[in-house]
Structures are given as C-alpha cells and as structure tokens.
1. Nothing charged except the Cβ atoms of Lys and Arg (+1) and of Asp and Glu (-1): what's the magnitude of the dipole of the range 1-94 about its Cα centre? Round to the nearest 20 debye.
2. Using only the Cα atoms of the range 116-235, build the gyration tensor, take square roots of its eigenvalues as a ≥ b ≥ c, and label the shape rounded, prolate or oblate: rounded if a/c is under 1.5, else prolate if a/b is larger than b/c, else oblate.
3. Looking at the range 53-361, send over the antiparallel percent of its DSSP beta bridges, to the nearest 5.
4. Any idea what angle helix 225-235 forms with the longest principal axis of the chain, computed on alpha-carbon atoms, 0 to 90 degrees, nearest 10?
5. State whether the range 266-319 is rounded, prolate or oblate according to the following rule on the C-alpha gyration tensor (a ≥ b ≥ c being the square roots of its eigenvalues): a/c under 1.5 gives rounded; otherwise a/b larger than b/c gives prolate, and the remaining case gives oblate.
6. Using only the alpha-carbon atoms of the range 53-361, report the extent along each of the three principal axes, biggest first, to the nearest angstrom.
7. Looking at PRO276, PRO56, GLY401, which one has the Cα that reaches farthest to the positive end of the dipole of the chain (charges on Cβ: Lys, Arg +1; Asp, Glu -1)?
8. Is the shape of the range 282-427 rounded, prolate or oblate, going by the alpha carbon gyration tensor and its root eigenvalues a ≥ b ≥ c, with a/c under 1.5 for rounded and a/b larger than b/c for prolate?
Amino acid sequence: MLDLLITHARLPDGRGNMSVAVQDALIAEITEGFEAPAHETVDAQGMLLSSPFVDPHFHMDAALSYGLPRVNQSGTLLEGISLWGELKPLLAQEALVERALAYCDWAVAKGLLAIRTHVDICDPRLLAVDALLQVKQQVAPYIELQLVAFPQDGALRGPQGPQQHMDNLVRALDKGVDVIGGIPHFERTYEQGSLSVKLLCELAAERGLLVDMHCDESDDPHSRHVETLAFETQRLGLQGRVTGSHLTSMHSMDNYYVSKLIALMAEAQLHVVANPLINITLQGRHDSYPKRRGMTRVPELLGAGINVAFGHDCVMDPWYSLGSGDMLEVAHMGLHVGQMTSQAAMRQCFEAVTVNAARVMGLQGYGLEVGCKADFVLLQARDPVEAIRLRANRLKVFKAGKLIAESPPATSTLALPNRPSHTSWMR
Ligand code: FE2
C-alpha cells in the first residue's frame, strides 16, 4: 500500500488531473488519473501542486531584527549598513537562534523548504556562524539550510589587515559552512576587488566548494567584477559551481559591453540570483529622475541560457522592514521590475523561485519526477501565473511525504445589497 496519494492535481507544466504517489518518502508514480490504495489520500481538487519554494539568497543572521537597536528611519542602504554595525556587537547567540527558528517556522508555512543563507564572518567570535550551524541541524528534518561564509565588510578589508577576514572565513568553513562568499565591489580598490575574487575562487577550487558572491551590487556601470568571476570560474574549472548574486550594475552598463559579458557568463556556466524586493528599493538612490530600477538583466540572461533565480535577501532587518518569507511575493516583484509579462516569462518567474533556485543550491532529488523527494506545496491556485497573481494561499505543505503545514482555504463571505449572500475566493 502507498504511503500517500495526491489526486486531481495540476502541475506547474500544465498537466491536469494528475495523481502523485509516494512511497518511502520518494515519488513513486506520477500519472494522469492514477488510483491505488494508500494510507492517506489527498484530493487536490484541481489546485496546483508544486515542488516546494527555494530561496537561493537570504541573510538569516539579520532576519527579524527589525527595530534592534532602532528602526532604519530613512530606509536607505547606508543607514542599514550603519545600523547593522550598531547591532552586531549586541548580537547574542540564543537570540539569533530564536529569531532564525521563528523565520524557519514562517518559511514552512509558506512552503519554503530550502534556503541558502549568507552568514557574516567578519566578527572574530563567529557567533552568527555557530548560531546558524545550530539552526541548520535543528531544522534539517524539514528545511535544507545551506550556509555561505560572507565577508560582509570586505574579504580583504579587515581592520587588522587583509588576512583577518580571510582567516575568519577559513575558520567558518572548517566549522562546516558550505559555500564561499565574497563582496568584491565593497573592497577598498578595484584591484583589491579583483584579487578577492581570485583568492576566494582559488580557495573554492582547493576545497571543492561552491561559490556565491555578492557581486556588483551597485549602480556604477564600471563595477565589472562579474567579468573576473566568470574568468576565474573558467580558469579554475569551476563551471556550474559559481553564483553571482545581485549583479545590479549590469542594469546600468553599456549594451555593447553587456553583449560580450553575457556570453562570457554563459561560457562559465555562472548561476545568477536577482533579489528584486531589495534592489528595487535600494538601487537608484543617487538618481534624481529618471530613476533606474537597478535589477540585473533577467530576461536577457535567461535568453542566453543562464540559470537565473530570485532570492528574498532580507526580511525585517536593517535593510528592509518588510517581507514574510513568501517567495511568490518575490516572484511577483521580479516579474514587475523585469517587465516579464509574456505568458512564458511569467512562468519563468515561478521557476525562478522553484526549479532554478534549486539548481543554484545544487539540491539533490528536487523536482516532480519519479524518484525525487516527496516534498510538495499545494497552492490555492490553478496554475503558476495565478499563484503569482494571488500570492496564493498554501493549502498544504509536505516534507518526505508527511504533512508539515496546512492553512484553511482563503475565502471571504460577502453580504451585499442586491446580491445573494455568498462565499468567494479571489480569482
Ligand atoms: Fe544579499
């Protein structure tokens, strides 16, 4: 007998009336109209069954710290950075763990079951690293958490010399952090930025690790570290293992230069993560009018065959006062900022927070195929476009074939003149 059978589901690829059978925490069968005895049967009633949401770019060490020690009054990047500087010495491990676990609860309720989080390694105590390693272990039964060693103040910019943060980063890796981060545009000079990319990629090659750098998060069209990132990826044979995050300067670059750059990025098989909620608020702040949007060139990168995903980046932290762990909100913003309104492009926005994001993280067994992990989210929507439009309610969330979260269908009861009283959900 099957462990679980979900019937009458619509899948993101458009197939309807699908049955998904689960045995031993894996997908055993995906067939139209399939029926078989199961310990538990769920009728999806034509709603969309997707693989869970994946956030490929987050900062869990800062999440839910809104108001600590004070609120970002201006809402700008610069005030956010100084606020983070004020908060860092006050961080306590238990409080950080508590906030991260609270966020993971939100994530599960939203069907978000894999998160790549950057963790600041500049504090020599590595307190945030210890806290998030503890959280990673604690949530492992339901969330796949991947940590990136992030030298937020600059890999080569330590107050005690260029080796200080690099040493912290290596210590973080030795403790079990998974991925190597960087922030070349924030180093003291352009040359130092290029050097940091080279050193960090060499470290990744030496240790067999993935790379994910905050790269060119700037409106400066001359911030071109992604070119060096692609070059080092090629030189060291790291193709497919390196991600460029943000890449907002590409928005402002000369088109002729970008036509060369995108081909180099495709050749190096770079992954790209755009963070639409954050970059639409932080970029363009030095502009009067017109104001640049500041998101990287998502449709053009996808058109070149590059894997592009969307990240949430921040939720209620020094840089961003909003957010709720809802990757459909992220997709919704990415769609608008990138003007991705064709039918195909809207579906690509759904993929940017599911399959593409899973590819960035290198998740094993992710997807709706026989043999993949039985992890699903059942949405109160009939297709990916409707899911984005409604930021659809998560009816049920399954991990390894077990129900781990559910929400009642979102409905409103209306009592209107000249209309019979009735219940409706927004369509
Ligand atoms: Fe970030």
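The values are calculated or read from the model by the stated rules, or taken from the named source; none is laboratory data. Computed from a predicted structure; not experimentally measured. Please note: Cβ atoms are built from the backbone with ideal geometry, for glycine as well, and neighbour counts cover all protein chains shown. Heavy atoms of the whole protein, side chains included, go into the accessibility calculation; ligands, DNA and RNA do not. Shrake-Rupley method; radii C 1.70, N 1.55, O 1.52, S 1.80 Å.
1. 440 debye
2. Values: a/c = 1.86, a/b = 1.54, b/c = 1.21.
Taking the square roots of the gyration eigenvalues as a ≥ b ≥ c, the range 116-235 is prolate.
3. Roughly 5 percent of the beta bridges in the range 53-361 run antiparallel, per DSSP.
4. Once rounded, the angle reads 80 degrees.
5. Taking the square roots of the gyration eigenvalues as a ≥ b ≥ c, the range 266-319 is oblate.
6. Projected onto its principal axes, the Cα set of the range 53-361 covers 49, 41, 40 Å.
7. PRO276
8. oblate
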